[in-house]
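To keep things clear, I will list the structure first and then write my remarks on it.
The values are calculated or read from the model by the stated rules, or taken from the named source; none is laboratory data. These numbers were taken from a predicted model, which means no experiment stands behind them. So basically every Cβ, Gly included, is an ideal-geometry build from the backbone, and we count neighbours across all protein chains shown.
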C-alpha cells in the first residue's frame with residue numbers, strides 16, 4: 001500500500017493506493033464524520049461487485065450506512081440526479097456532521113463530491129475510486145460536478161475529499177475501454193511532468209493491459225503524486241494546474257464533435273480517453289511545427305499511446321471548423337481565446353495562448369495521416 | 001460612504017455602505033471580471049426600481065450585461081430556478097472569466113451567489129443588497145444557496161463575493177415587514193457583540209423606522225463590521241460563527257412550525273424576522289432561568305424589539321412538541337443535539353449544548369405571556 005498526501009488550502013488528505021483497501025473504508029469514513037450517518041452513492045454496476053464489502057466495512061466501524069445506486073454511465077451526472085440525492089439525504093436524516101461516500105468511477109465520485117459540496121453548504125466525503133481514470137485523475141484535486149445537457153461539468157464546485165481509496169484490485173472488473181481512458185491520462189501525466197514514467201509505460205505496457213496489480217499500484221501511485229504536486233501548487237486552476245489540460249483543448253473539441261455527429265473516434269467508441277489521445281497527438285504536432293518539440297519525442301508519445309490500445313489516427317471525417325467552434329465554446333476558453341499546453345520534451349510543457357486557428361487546422365489534418 | 005474590509009481565507013473583499021452607490025457597480029464588477037460578460041440576476045420588484053441604473057453602470061464600465069429577473073419571494077430560491085439560470089448563463093456565453101451580479105434582497109443574492117459558486121466550479125460575483133436583511137446579514141459571510149421543499153438553504157455553498165454594495169437609499173422602497181426582518185438581525189448583533197449598538201437602537205428606533213439615511217448608514221455599517229469580525233475569525237461555522245445563531249434555534253423551529261401550520265406569528269405574517277425576534281425572547285428566557293442573564297438585560301431586549309415593531313409574544317397557539325421535533329430536524333443540529341447560544345449580558349453570549357427539552361418547553365410557554 002502506498003499513501004500520498006495531498007496538501008490544499010486549509011486542509012490535507014491522504015490518497016491510499018493498494019489492493020484490498022475496501023475493508024479500510026469504514027475507518028476512513030468514521031474519521032471524517034462527527035455523527036453516525038454515512039450516505040453511500042454508487043452505480044448499479046459497481047454495486048454488484050463492491051457494495052456489500054463497502055457497507056460491511058462502514059457498519060463494522062460503527063456507522064449507519066444508507067446506500068443509493070444511480071444508473072451507470074455519464075447520464076447520471078445531472079442536476080436532476082443531484083436533486084434526487086438531496087431528497088434522499090434529507091429523508092435519511094443526514095446531518096452536517098455526517099459523511100458522504102462515493103464508490104465508483106469518475107462519474108460517481110464527481111456526483112457524490114458535488115452533492116457533498118452543496119448539501120448543507122458542504123459535508124465531508126470520502127472517495128473510493130474503482131476506475132483507473134478515477135484513481136489517477138478524478139480522485140485528486142477536489143473537482144466535483146454534474147453535466148449540463150450542452151456542456152460537461154458545467155455545474156460544479158471545488159470540494160476536497162477527507163480521504164481517497166484507490167483499490168487497484170477493483171480494476172480487475174473494469175471494462176477494457178475504461179482502462180484505456182485511464183491510460184490516456186497516465187500518458188498525459190508522463191508527458192507533462194515525468195520522463196521516467198514514460199519509460200516505465202514503454203517497458204510495462206503489456207503488464208498494465210494485463211492488469212498486473214503490482215505494476216498498477218506503482219503507476220497509479222506515481223500518477224497521484226504528479227497530480228497532487230500540480231494541484232497543491234495551484235488549487236484553483238489559476239496557472240500551473242492548467243498544464244493538466246494538455247491534450248484536452250483539442251481533445252474536448254473532438255469529443256464534443258464526435259458526440260454531436262454520433263461519430264466514432266479512431267475506429268472505436270467516442271470515449272474521453274480516445275479523444276484525449278487524439279488531442280495529445282494533435283497538440284504535440286502543433287508543438288513540433290513550432291520547433292518546440294523534437295521529432296523523436298513526438299514519435300515516442302505516439303508509439304506508447306498505440307501500444308496501450310489508444311488511437312493515434314482518426315479513421316473518420318472531421319469538420320475542422322466545427323471543432324474550432326466547439327473548442328471556443330469550452331468552459332476553459334476565456335473571452336473565446338483558446339489556451340494550449342504544448343510539450344517541449346517528454347516530461348516538460350509550456351502554456352501558449354497564441355496558437356492560431358491555422359495551426360489547429362493543420363494539427364487536426366495530421367490526425368488523418370496513416 | 002463607509003467601507004468595511006472582510007478578510008477570509010485566501011481573499012478579502014470590501015462592503016461599501018452609503019447612498020447612491022448603484023452608479024459604482026460597473027467599476028466593482030469590472031474589477032472582478034476577466035472578460036466583458038456580466039450576468040445580472042434580480043427579481044421583478046427590484047428590477048422596477050433599480051435595474052435601469054444597474055445596467056447603465058455596467059455598460060458605462062465597458063461590460064456587456066445580460067439581465068434576468070426571477071419571480072419575487074422565497075419561491076425563487078429553488079434548484080429548478082438555478083437550473084434555468086445555468087441554461088441562460090451558458091446561452092449568454094458567460095465564461096469562467098465573467099462576473100455574476102446579484103441585485104436584490106437575500107433571496108436574490110443567495111441564489112445569485114449559489115449559481116456563481118457552481119457555474120464552471122465558481123465564477124466571480126458582486127452582491128448589491130437592496131434589503132436591510134441582505135445588507136446586515138446575507139451580504140457578509142459567503143453563504144449562498146437555494147431551498148429544498150422541506151428545508152430552507154439545504155443546498156448551498158460558501159462562495160465569497162468580490163465586492164458588496166449596500167446602498168441604504170434602496171431601503172426607501174423596502175416594504176415595512178422586510179425592514180422589520182432586517183431589524184431583528186440588527187438586535188441580534190447588538191445582543192451577541194455590542195452593548196453600544198443596543199443603546200443606539202434604543203435611542204434611534206424612531207429614526208430607523210422612518211428610514212433616516214444617516215442613521216441607517218451608521219447602523220448598517222456597524223452591523224457589517226460585527227458580522228465581518230465574526231466571519232473572518234471563523235469562516236465555516238466551526239466555532240465563533242455559531243454565535244450568529246442566537247435566536248435562531250428556537251426561531252427556525254417557530255418559523256417552520258408557522259409555515260407548516262399556516263399560522264401567523266405574534267399577530268403578523270410568519271416572517272423570518274418575527275420568528276427570530278420570538279426566538280431571542282425565548283432563548284433569553286432560557287438564559288435568565290439558568291441565572292446567566294440579568295432581568296434588566298432581558299427586559300431591554302424585549303423593549304427594543306417591541307419598539308422596532310417586532311413581536312415579543314405569540315398570540316397563536318403553539319405545539320411545543322412539534323417545535324422541538326422541528327428544531328432537531330434543523331440542519332444546524334448534529335446527531336439530533338440542539339445547540340444554543342445564550343446571552344450572558346447585552347453584548348455577550350455563550351454557547352450551550354446541554355439545554356434540556358424541558359427548558360425549551362418553558363421558554364416556548366413564556367411566549368404566551370402578556
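Regarding residue A:220, is this residue under 24 Å from residue A:348 (Cα atoms), touching a helix residue (DSSP H, G or I) at 6+ places or on another chain (Cβ under 6 Å) and either more than 14 Å from chain B (Cβ to nearest Cβ) or in a loop (DSSP other than H, G, I, E, B) (or both)? Criteria met by residue A:220.
Are any of the residues in region A:85-100 closer than 24 Å to residue A:171 by Cα and in contact with a strand residue (DSSP E or B) (Cβ under 9 Å, 6 or more places away or on another chain)? Within region A:85-100, one or more residues are closer than 24 Å to residue A:171 by Cα and in contact with a strand residue (DSSP E or B) (Cβ under 9 Å, 6 or more places away or on another chain). Checked against (1) under 19 Å from the mean Cα position of the chain (by Cα); (2) in a helix (DSSP H, G or I); (3) in contact (Cβ under 8 Å) with a residue 24 or more places away in the chain, residue A:257 passes all but condition (1).
The condition (being modelled with pLDDT of 95 or more and either crowded, with 24+ Cβ neighbours inside 10 Å or out of contact with any helix residue (DSSP H, G or I) (no Cβ under 9 Å at 6 or more places or on another chain) (or both)) is satisfied by just one residue among A:92, A:117, A:80: A:117. Figure legend. Inter-residue proximity from region B:55-84: first residues touching a residue at least 12 places away in the same chain (Cβ under 8 Å), second residues in a loop (DSSP other than H, G, I, E, B), beta-carbon distance below 8 Å, spacing 6+ or different chains. Indicated pairs: B:62/B:36; B:63/B:33; B:63/B:36; B:64/B:36; B:66/B:92; B:66/B:94.
Residue count for region A:8-27 satisfying the condition of being away from chain B (no Cβ under 14 Å) and free of Cβ contacts under 8 Å to residues at least 40 places away in the same chain: 4. Here A:286, A:243 are screened, and the one residue that is at pLDDT 95 or above and in a helix (DSSP H, G or I) is A:286. Only residues that are closer than 24 Å to residue B:145 by Cβ and within 14 Å of chain A (Cβ to nearest Cβ) were counted in region B:47-69, giving 0. Do you know which of the residues in region A:128-152 that are in a strand (DSSP E or B) and away from chain B (no Cβ under 13 Å) is farthest from the chain's Cα centre (by Cα)? Per the criteria, the residue is A:128.
Quick one: which of A:319, A:353 is farther than 26 Å from residue A:106 by Cα and either touching a strand residue (DSSP E or B) at 6+ places or on another chain (Cβ under 9 Å) or surrounded by 20 or more Cβ atoms within 10 Å (Cβ to Cβ) (or both)?
A:353
Residues in region A:153-170 that are assigned to a strand (DSSP E or B), touching a helix residue (DSSP H, G or I) at 6+ places or on another chain (Cβ under 7 Å) and within 11 Å of chain B (Cβ to nearest Cβ): A:154, A:155, A:156, A:157. Give the residues of region A:88-111 that are within 14 Å of chain B (Cβ to nearest Cβ), assigned to a helix (DSSP H, G or I) and in contact (Cβ under 8 Å) with a residue 40 or more places away in the chain, sorted by residue number. Within region A:88-111, A:88, A:89, A:110, A:111 qualify. Out of the residues in region A:1-53 that are part of a strand (DSSP E or B) and closer than 27 Å to residue A:88 by Cα, state the one that is farthest from the chain's Cα centre (by Cα). The residue in question is A:37. Within region B:1-15, the set of residues being surrounded by 15 or more Cβ atoms within 10 Å (Cβ to Cβ) and in contact with a helix residue (DSSP H, G or I) (Cβ under 7 Å, 6 or more places away or on another chain) comprises B:2, B:4, B:6, B:8, B:15.
The single condition from (1) away from chain B (no Cβ under 12 Å); (2) over 18 Å from residue A:145 (Cα atoms); (3) in a loop (DSSP other than H, G, I, E, B) that residue A:72 fails is (2).
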